[in-house]
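Participant: Here's a structure for you.
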Amino acid sequence: MGPLQFRSASGGLNIKPQRENGVVELLDKILDKGVILNADLIISVAGIPLIGVALKAAIASIETMLNYGMMEAWDKSTREWYTKASANKKEIALKEEEQVLFRTFGSLWYSQGQISTWKPGFWYLTNERFILWRKSPPETLFEVQLKNLEDITTCMEPHFAGERENIYLQFDEGQMARIHTLKTDELKEALEKATEKSIESRAVHDSKIQDGRLEC
Amino acid sequence: MGRYLYSIANGNTKLSFGHIGLEESLVYSIPYKDIMAIVHLCSPKPYETDDEDKAKSWVLEHSYVIDRATNEFGTVLPFSFDVIIKGDDLTVKNWIQENYIRIKKELENVENKAEYSIQIFYDHDTFGKKIVEVNKELEDLKEKINSMPQGTAYLYQRKYELSSKKLILEEIDLLSQEFSSIIMQYVGDMKIDKKVSWVPERYKDKELMMAFACLVHHEKIDALGDALEEINNREGFAVRFTGPWAPFSFARLQEV
């Protein structure tokens, strides 16, 4: 009879929750929800296009993976569908006479209270600004005027997949940002050229940015 | 090499669950401190198939492993289907280590709770009739229409239909708010289910009014059931209550 069964286990009558149609019910939960890794390591969050399940909830992560070039094994039709779906998305707004000098996929370290995570997006270096842009939902996650950049350094840091090089920016009188991209060397070169500053490499380990300040 | 992830559970033992995973894979745990990931070893590529039956059995197997872990270790953080980490046990361990505080916090949030889905339907005819009957203005209009010449009557009939539809929607809106606040008394957290792909045949002639996923403490389930029964007994309404599910809608590791 479905969920309208009554029981008196606790003395009173009540509706007892049930699981009914196993698979279909599960699909909404298992394919759209649950933990999805947003890490460099993930290689798949595949849906089953055959059953006609759209992957809206997973789009942010899929985009991350596409950008990281980790979707080789992804079903071709899904990839085409995704490319089409994301084609109309808003691009970053530039000022007149502002030109993009360099663009790469990367992330920004975000730490506020107990929350600390890498926020992924596209880094845009223009002749005026350095910006982290997230396409979906569209938002500028970070922005600094090149003329306010005081210092740029890089350092190798431990990472759960081994070691990797991160870039530290100091700007606006002591504020810090820690960023990572897949094209660190190219970005360094472009930043040096655009800011006419030389970038030093340091070997700081276990450094932390807390509320916008660097703690070593 | 890769590791297919099912869930994160409380516990710190290295365990084998037997060949209960996708394609009879051997499911085991990778502990770090007092929590552990439940995984199987696989090649680093997603599970894909054109065979619908196969896909369905994968989904059921994925869910079965999550349910087994829930039975043994309490509420787990369930992974979405087909989440595979590239690397070995150490990679998984490092990932847990890096995210330990967040994972732990999420596990505490779901402790002794489970996810339940609640859908409330209304019968447009039954409910609509009741609403319109008690509205004086509409009643008068209906009477007038009966004594009008045909052409005019048609126009007023349209007006009557639009007004009653508006009235019904307003009433439904009010009741949605009332039902939400009733349910909220019993649940720890509540999310709107934007997608309801399937409902049983017996609800097909009714309109879906609201759909939620709720995180509910074990001790509050009976009381919630009582409250839902009260709603279900109201004329023109039907409540669908499913669960317990692993907290798929409340495992928020991917969000800031």
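Participant: Taking the range B:222-236 as the region of interest, how many residues are farther than 16 Å from B:Phe121 by Cβ and free of Cβ contacts under 8 Å to residues at least 24 places away in the same chain?
Facilitator: Number of matching residues: 3.
Participant: Okay, moving on. Considering only the range B:184-232, how many residues are among the aliphatic types (A, V, I, L, M), outside any strand (DSSP E or B), farther than 15 Å from B:Ala114 by Cβ and touching a helix residue (DSSP H, G or I) at 6+ places or on another chain (Cβ under 8 Å)?
Facilitator: Selection size over the range B:184-232: 4.
Participant: Mind telling me which of the residues B:Leu208, B:Leu174, B:Leu169 ends up being under 23 Å from the mean Cα position of the chain (by Cα) and either away from chain A (no Cβ under 14 Å) or modelled with pLDDT of 90 or more (or both)?
Facilitator: B:Leu174
Participant: For residues that are touching a Phe, Trp or Tyr at 6+ places or on another chain (Cβ under 6 Å) and either at pLDDT below 75 or aromatic (Phe, Trp, Tyr) (or both), tally how many sit in the range A:171-208.
Facilitator: Counting residues in the range A:171-208 that are touching a Phe, Trp or Tyr at 6+ places or on another chain (Cβ under 6 Å) and either at pLDDT below 75 or aromatic (Phe, Trp, Tyr) (or both) gives 0.
Participant: On the given criteria, is A:Ala161 modelled with pLDDT of 85 or more and within 30 Å of B:Ile96 (Cα to Cα)?
Facilitator: Spelling it out, it is not the case that A:Ala161 is modelled with pLDDT of 85 or more and within 30 Å of B:Ile96 (Cα to Cα).
Participant: Note down all Cβ pairs under 8 Å where the first residue falls in the range B:52-81 and is within 11 Å of B:Ala9 (Cβ to Cβ), the second is aromatic (Phe, Trp, Tyr) and assigned to a helix (DSSP H, G or I), and they're at least six residues apart or on different chains.
Facilitator: B:Pro78/B:Phe248
Participant: Further question: Of (1) within 7 Å of another protein chain (Cβ to nearest Cβ); (2) within 15 Å of the chain's Cα centre (by Cα), B:Leu215 satisfies all except one. Which?
Facilitator: With (1) within 7 Å of another protein chain (Cβ to nearest Cβ); (2) within 15 Å of the chain's Cα centre (by Cα) applied to B:Leu215, the lone miss is (1).
Participant: Could you grab the pairs with beta carbons closer than 6 Å, sequence gap of 6+ or different chains, first residue in the range B:194-221 and within 14 Å of B:Thr242 (Cα to Cα), second one part of a strand (DSSP E or B) and among the hydroxyl-bearing types (Ser, Thr, Tyr)?
Facilitator: B:Ala213/B:Ser117; B:Cys214/B:Tyr116; B:Val216/B:Tyr116
Results for (1) touching a strand residue (DSSP E or B) at 6+ places or on another chain (Cβ under 6 Å); (2) surrounded by fewer than 18 Cβ atoms within 10 Å (Cβ to Cβ); (3) under 28 Å from B:Ala9 (Cα atoms), shown as yes or no for each residue.
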site	(1), (2), (3)
B:Glu161	no, yes, no
B:Gln177	no, yes, no
B:Tyr186	no, no, yes
B:Glu229	yes, no, no
B:Asn233	no, yes, no
B:Ala238	yes, no, no
B:Phe248	yes, no, yes
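Participant: Go through the range B:111-165 and give me each residue that's in a helix (DSSP H, G or I) and among the aliphatic types (A, V, I, L, M).
Facilitator: Across the range B:111-165, the qualifying residues are B:Ile131, B:Val132, B:Leu138, B:Leu141, B:Ile145, B:Ala153, B:Leu155, B:Leu162.
Participant: Another one. Could you figure out which of (1) aliphatic (A, V, I, L, M); (2) more than 15 Å from B:Ile118 (Cβ to Cβ); (3) at the interface with another protein chain (Cβ under 10 Å from one of its Cβ atoms) isn't true of B:Leu138?
Facilitator: (3)
Participant: Go through the range B:172-210 residue by residue and tally those that are touching a Lys or Arg at 6+ places or on another chain (Cβ under 8 Å) and of a type in the set (Gly, Ala, Ser).
Facilitator: Within the range B:172-210, residues that are touching a Lys or Arg at 6+ places or on another chain (Cβ under 8 Å) and of a type in the set (Gly, Ala, Ser) number 1.
Participant: Next question. Evaluate the range B:66-75: report whether one residue or more is within 7 Å of another protein chain (Cβ to nearest Cβ), in contact with a strand residue (DSSP E or B) (Cβ under 8 Å, 6 or more places away or on another chain) and of a type outside the set (D, E, K, R).
Facilitator: Within the range B:66-75, none of the residues are within 7 Å of another protein chain (Cβ to nearest Cβ), in contact with a strand residue (DSSP E or B) (Cβ under 8 Å, 6 or more places away or on another chain) and of a type outside the set (D, E, K, R).
Participant: Which ones in the range B:22-44 are touching an Asp or Glu at 6+ places or on another chain (Cβ under 6 Å) and closer than 17 Å to B:Glu61 by Cα?
Facilitator: Listed by number, the list holds a single entry, B:Leu22.
Participant: To continue, here is another question. Is the range B:149-163 home to any residue that is more than 14 Å from every other protein chain (Cβ to nearest Cβ) and within 22 Å of B:Glu230 (Cβ to Cβ)?
Facilitator: Among the residues of the range B:149-163, not one is more than 14 Å from every other protein chain (Cβ to nearest Cβ) and within 22 Å of B:Glu230 (Cβ to Cβ), which makes the answer no.
Participant: Among the residues of the range B:83-108, count how many are within 8 Å of chain A (Cβ to nearest Cβ), in contact (Cβ under 8 Å) with a residue 40 or more places away in the chain and β-branched (Val, Ile, Thr).
Facilitator: 4
Participant: Now for a different question. Out of (1) under 24 Å from A:Lys29 (Cα atoms); (2) of a type in the set (D, E, K, R); (3) surrounded by 15 or more Cβ atoms within 10 Å (Cβ to Cβ), what's the single condition that is false for B:Lys194?
Facilitator: Single failed check for B:Lys194: (3).
The values are calculated or read from the model by the stated rules, or taken from the named source; none is laboratory data. Bear in mind the structure is a predicted one, so any value in this text is a computation, not a measurement. With ideal geometry, Cβ positions are generated from the backbone for all residues, glycine too; neighbour counts draw on all protein chains shown.
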